[in-house]
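Read the structure below first, then the notes.
The values are calculated or read from the model by the stated rules, or taken from the named source; none is laboratory data. Since the structure is predicted, the reported quantities are computational estimates derived from the model, not experimental observations. Positions of Cβ are generated from backbone atoms using ideal geometry, with glycine treated the same way; all protein chains shown enter the neighbour counts.
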Amino acid sequence: MLINVDPILSPDILKTLREMGHGDRLVISDINYPAHSNHNRVHRLDGLDMTTVMRAVLSVFPLDSFVESAVHRMEVDNQPDEINDANKEVIDAIKDVSGDHWNIGSYERQEFYKQSRSTYAYITTSERRPYCNFILTKGVIKPDGTVWIIDK
């Protein structure tokens with residue numbers, strides 16, 4: 001038993017997140033994402049929406065302040081600047097859990113697929129709202145246990 005760990009994070013997911021090092025990337029995807037055909041390390045969190053999963057993951061996952069964007073979202077086809085309601089909720093959750101100083105980047109859908117193939121692992125959710133897919137880049141923990149934030 002552990003304390004202060006979100007109970008939706010399975011032992012396998014916690015092991016994967018712990019194995020990841022600085023700069024490794026994680027995909028958190030919606031229900032329609034072709035995760036299993038693009039990667040061999042896929043964890044499923046069935047029955048959970050993206051916002052719930054993002055909050056749980058970020059409760060233990062430091063974001064990377066050494067890159068321009070530690071989080072990338074999938075763009076809506078032919079509307080790259082549109083941020084749909086699902087993405088707004090997730091971005092609000094990111095800012096709530098990890099702070100509001102993170103730049104959220106984006107990839108066009110095909111580029112997102114390409115980028116996702118070189119990530120460390122995937123977590124799939126039961127999020128049904130379209131284009132609700134994210135790539136997170138793992139950051140650095142300082143000796144005092146806090147997340148390393150560099151000024152840009």
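Check the range 2-11 and report whether any residue there is outside any loop (DSSP other than H, G, I, E, B), modelled with pLDDT of 95 or more and touching an Asp or Glu at 6+ places or on another chain (Cβ under 8 Å).
no
Which residue, of Val57, Val71, Val67, Val76, is within 12 Å of Ile123 (Cα to Cα) and modelled with pLDDT of 95 or more?
Of Val57, Val71, Val67, Val76, the one residue that is within 12 Å of Ile123 (Cα to Cα) and modelled with pLDDT of 95 or more is Val57.
What are the residue pairs meeting all of these: first residue in the range 4-30, first residue over 13 Å from Thr124 (Cβ atoms), second residue among the polar types (S, T, N, Q), Cβ atoms under 6 Å, and 6 or more apart or on different chains?
As it stands, the answer is Asp6/Ser59; Arg25/Thr119; Arg25/Thr137, since those pairs meet every condition given.
Return only the number of the condition from (1) in contact (Cβ under 8 Å) with a residue 40 or more places away in the chain; (2) within 13 Å of Tyr120 (Cα to Cα) that Asn40 does not satisfy.
(1)
Working only within the range 65-83, note down all residues that are among the aliphatic types (A, V, I, L, M), within 18 Å of Arg117 (Cα to Cα) and outside any loop (DSSP other than H, G, I, E, B).
Val71, Met74
Taking the range 83-138, which residues are among the aromatic types (Phe, Trp, Tyr) and under 11 Å from the mean Cα position of the chain (by Cα)?
Within the range 83-138, Tyr122, Phe134 meet the criteria.
For the range 108-129, give me each residue that is outside any loop (DSSP other than H, G, I, E, B) and within 24 Å of Thr16 (Cα to Cα).
Answer for the range 108-129, where residues must be outside any loop (DSSP other than H, G, I, E, B) and within 24 Å of Thr16 (Cα to Cα): Phe112, Tyr113, Lys114, Gln115, Ser116, Ala121, Tyr122, Ile123, Thr124.
With (1) out of contact with any helix residue (DSSP H, G or I) (no Cβ under 6 Å at 6 or more places or on another chain); (2) closer than 28 Å to Leu2 by Cβ as the list, and Ser98 as the residue in question, which single condition is left unmet?
Result: Ser98 fails condition (1) only.
May I ask you to verify whether Thr124 is farther than 24 Å from Asn38 by Cβ and among the hydroxyl-bearing types (Ser, Thr, Tyr)?
no
Which residue out of His22, His39 is at pLDDT below 95 and over 13 Å from the mean Cα position of the chain (by Cα)?
His39
Only one of Tyr131, Tyr122 is on the phi > 0 side of the Ramachandran plot and surrounded by 15 or more Cβ atoms within 10 Å (Cβ to Cβ); which?
Criteria check complete, one pass: Tyr131.
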